[in-house]
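The values are calculated or read from the model by the stated rules, or taken from the named source; none is laboratory data. None of these values were measured; they are calculated from a predicted model. Positions of Cβ are backbone-derived with ideal geometry, glycine not excepted, and every protein chain shown enters the neighbour counts.
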Amino acid sequence: MTTADQHGDTSRSEALTAEICAELPTTPTDPVEICRYLGYPQGVTPAPRMAERIAQVVEQTRPHLRPRGAYAVYAVSSLTANSLNLNGTTITGRIGEFMTDSDRVAVFAVTVGEEISRLAEAAAKSGDALAACVMDATGSWAAEGAAEALMLRIRRHLKEQEELTLRYSPGYCGMEIDQQRNLFQLVQADSVGVTLMPSMLMHPLKSISGLVGFAPKATVNHSYSPCDICPRVGCHMRR
């Protein structure tokens, strides 16, 4: 179910368009990606019995995923190497490297719900550490899938010869986690059950917020990963 949203909040009233997606499709299971979230290095696969157990837990977990999301698109008021202004709200970080030449930016939030975290916590309390880890990894993988599903919705607003930039989220690649506060002023995240905690983490935990720009195809480079400009070379999530 998808609904267009006309925000009553004045901080969001200048959005060019906005949408609440109460349901998003669940991503097909990707064992390689789930193993990556479990910490397996690239090219390394679990032993057959372990792989079978992981697959069992993933399939038990999938029915408890509730992917949904919301976004709002704004005209760019100003854009520099380190800041972006949308409707009077300034977001800082390495904005220029991600939003180059964007004239519009979508602010988004997605989640797969809190049930997955409850399951993982219950498994850990019962002593099944492996199941807890797999459930947690499945939630992270599914949240990423929900973000990609929402990007397909956002793509409908592309003009001819435009492309979406790479997504950019607080806590990554030079955008401080406290920028969450500014993002949440621009998107109705609570419409899909996502709220911001004092720590600037989101509830439910398996949620993603961020920005994506609308830019000329000629200036959008999807041949690299955000990991290419991240200094954390030892990160097991590095692509």
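Of all residues assigned to region 60-83, none qualifies as being surrounded by 14 or more Cβ atoms within 10 Å (Cβ to Cβ), in contact with a Gly (Cβ under 6 Å, 6 or more places away or on another chain), touching a residue at least 40 places away in the same chain (Cβ under 8 Å) and farther than 27 Å from VAL192 by Cα. Give the residues of region 46-61 that are farther than 16 Å from THR138 by Cα and assigned to a loop (DSSP other than H, G, I, E, B), sorted by residue number. Once the filter is applied, which keeps residues that are farther than 16 Å from THR138 by Cα and assigned to a loop (DSSP other than H, G, I, E, B), region 46-61 yields only ALA47. Of all residues in region 152-178, those that are under 29 Å from MET197 (Cα atoms) have Cβ atoms under 9 Å from Cβ atoms of residues that are aromatic (Phe, Trp, Tyr) and surrounded by fewer than 16 Cβ atoms within 10 Å (Cβ to Cβ), 6 or more apart or on another chain, in LEU166/TYR224.
Per the conditions (1) without any contact (Cβ under 8 Å) to a residue 60 or more places away in the chain; (2) of a type outside the set (Ser, Thr, Tyr); (3) surrounded by 19 or more Cβ atoms within 10 Å (Cβ to Cβ), the sole criterion not satisfied by VAL105 is (1). For the condition at negative phi and modelled with pLDDT of 95 or more, THR92 qualifies.
The rows are residues; the columns are (1) touching a Ser or Thr at 6+ places or on another chain (Cβ under 9 Å); (2) at pLDDT 95 or above; (3) not acidic (Asp, Glu).
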residue	(1), (2), (3)
LEU16	no, yes, yes
ALA22	yes, yes, yes
PRO28	no, no, yes
GLY39	no, no, yes
GLN42	no, no, yes
ARG53	no, yes, yes
VAL57	yes, yes, yes
